[in-house]
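The values are calculated or read from the model by the stated rules, or taken from the named source; none is laboratory data. What you are looking at is a predicted structure, and each value in this text was computed from that prediction instead of being measured. Glycine also receives a Cβ, built like all others from the backbone with ideal geometry; neighbour counts cover every protein chain displayed.
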Amino acid sequence: MSKLSTQSILIMFVAMSMIPAGDTAGKLLSWGLGAHPIYVSWSRFFIGALMVLPFIPKGTWALLKDIRVWGRALLMATGLSCIQMALSLEPIADVFAAFFIGPLVSYVLATIFLREAITWQRTALIILGFIGVLIVVRPGSDAGVGLLWAVAAGTCYGAFLTASRWIAHLGTPIGLTFTQLFISALVLAPIGAMNIPTLTGEMMWLTTLSALFSMLGNLLLLYAYKTAPATRLAPLVYFQLLAAVILGWVFFDTWPAMVTWVGLLIVMGAGIASARLRA
């Protein structure tokens with residue numbers, strides 16, 4: 001079992017901080033400045049595609065002929081739009097905790113469609129993680145509709161993760177990243193363009209930061225996977241939850257309720273334990 005280098009751990013911590021930082025900027029746009037959540041999603045994809053465009057390898061445009069590439073991108077477009085809707089309504093830490101139903105969905109879909117092996121240990125941890133999400137969402141309670149948007153986002157993300165493994169052989173990570181950004185920007189363009197807000201300096205600054213942090217976080221994640229096995233890095237993905245708590249406290253003066261902490265810790269514990277089973 002190979003040990004993680006300090007460099008790999010540092011890269012992952014930075015990447016897992018940047019991704020919720022991008023969503024924090026998105027929340028400041030929608031919740032703070034009144035920007036439409038679909039505009040936030042569309043602008044992130046559009047700017048991200050422009051950032052990646054100079055680096056795409058030969059043959060990337062040909063990937064657009066494959067319907068599977070379009071299906072994967074539509075899952076991402078739907079998922080990000082749902083999470084922006086959630087962020088406009090709910091505290092960021094609660095949203096991220098509910099969103100982490102994604103790995104659970106991915107596990108179920110991978111066993112069905114990719115014929116991945118099922119073990120009782122991982123199945124038990126998946127059920128435990130789902131219980132953690134239910135504690136956060138609290139069906140039937142006074143929990144806001146925003147958490148349902150977060151669960152929908154996580155479900156789309158879980159399907160996206162499975163689809164990513166399904167088509168990984170079609171192209172390079174940079175090429176596939178560009179296709180998901182380009183297609184998502186194209187699909188959301190009609191609604192996004194109709195909801196472009198008055199572009200004040202603050203609006204333009206936050207729009208750029210939302211896209212920049214998200215793109216840098218995902219690119220650093222790709223780089224981290226080149227420096228260490230994915231199974232060894234997987235537990236560090238849950239640092240996003242802690243980063244979301246800290247960012248919510250710093251920028252929105254929100255702190256998770258005790259019941260949310262219980263659900264959040266269960267989700268983190270189950271996810272880390274499941275990742276270590278694969279390591």
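Screening L186 against (1) of a type outside the set (D, E); (2) touching a helix residue (DSSP H, G or I) at 6+ places or on another chain (Cβ under 7 Å); (3) at pLDDT 90 or above leaves a single unmet condition, (2). Looking at A224, A193, A234, just one residue is among the hydrophobic types (A, V, I, L, M, F, W, C), part of a helix (DSSP H, G or I), surrounded by fewer than 21 Cβ atoms within 10 Å (Cβ to Cβ) and modelled with pLDDT under 85, and that residue is A234. In the stretch 246-269, the qualifying residues are those that are under 18 Å from the mean Cα position of the chain (by Cα) and farther than 21 Å from I11 by Cβ, and the one that is surrounded by the fewest Cβ atoms within 10 Å (Cβ to Cβ) is G248.
Filtered by the rule that a residue be hydrophobic (A, V, I, L, M, F, W, C) and closer than 13 Å to I101 by Cα, the stretch 152-184 gives A152, A153, C156, A159, F160, L161.
Hey, any hits in the stretch 7-23 for a residue that's of a type in the set (S, T, Y), modelled with pLDDT under 90, touching a helix residue (DSSP H, G or I) at 6+ places or on another chain (Cβ under 7 Å) and over 18 Å from L148 (Cα atoms)? Yes, the stretch 7-23 contains at least one residue that is of a type in the set (S, T, Y), modelled with pLDDT under 90, touching a helix residue (DSSP H, G or I) at 6+ places or on another chain (Cβ under 7 Å) and over 18 Å from L148 (Cα atoms).
Looking at the stretch 187-198, can you tell me whether even one residue there is free of Cβ contacts under 8 Å to residues at least 60 places away in the same chain, among the hydrophobic types (A, V, I, L, M, F, W, C) and at negative phi?
Of all residues in the stretch 187-198, those free of Cβ contacts under 8 Å to residues at least 60 places away in the same chain come to 190, 194, 198.
Adding the requirement that they be among the hydrophobic types (A, V, I, L, M, F, W, C) leaves 194.
Those left that are additionally at negative phi: 194.
Checked the stretch 187-198: at least one residue is free of Cβ contacts under 8 Å to residues at least 60 places away in the same chain, among the hydrophobic types (A, V, I, L, M, F, W, C) and at negative phi.
Scanning the stretch 154-170 for residues that are under 24 Å from L50 (Cα atoms), touching a residue at least 40 places away in the same chain (Cβ under 8 Å) and not in a helix (DSSP H, G or I) turns up nothing. If I ask for residues that are at pLDDT 90 or above and among the polar types (S, T, N, Q), which ones from the stretch 83-106 would you list? Matches in the stretch 83-106: Q84, S88. Right, Q121: in contact (Cβ under 8 Å) with a residue 24 or more places away in the chain, in contact with a Ser or Thr (Cβ under 7 Å, 6 or more places away or on another chain) and on the phi < 0 side of the Ramachandran plot or not? Answer is no for this residue.
Residues in the stretch 124-147 that are free of Cβ contacts under 8 Å to residues at least 12 places away in the same chain and assigned to a helix (DSSP H, G or I) were compared, and the one that is farthest from P256 (Cα to Cα) is A124.
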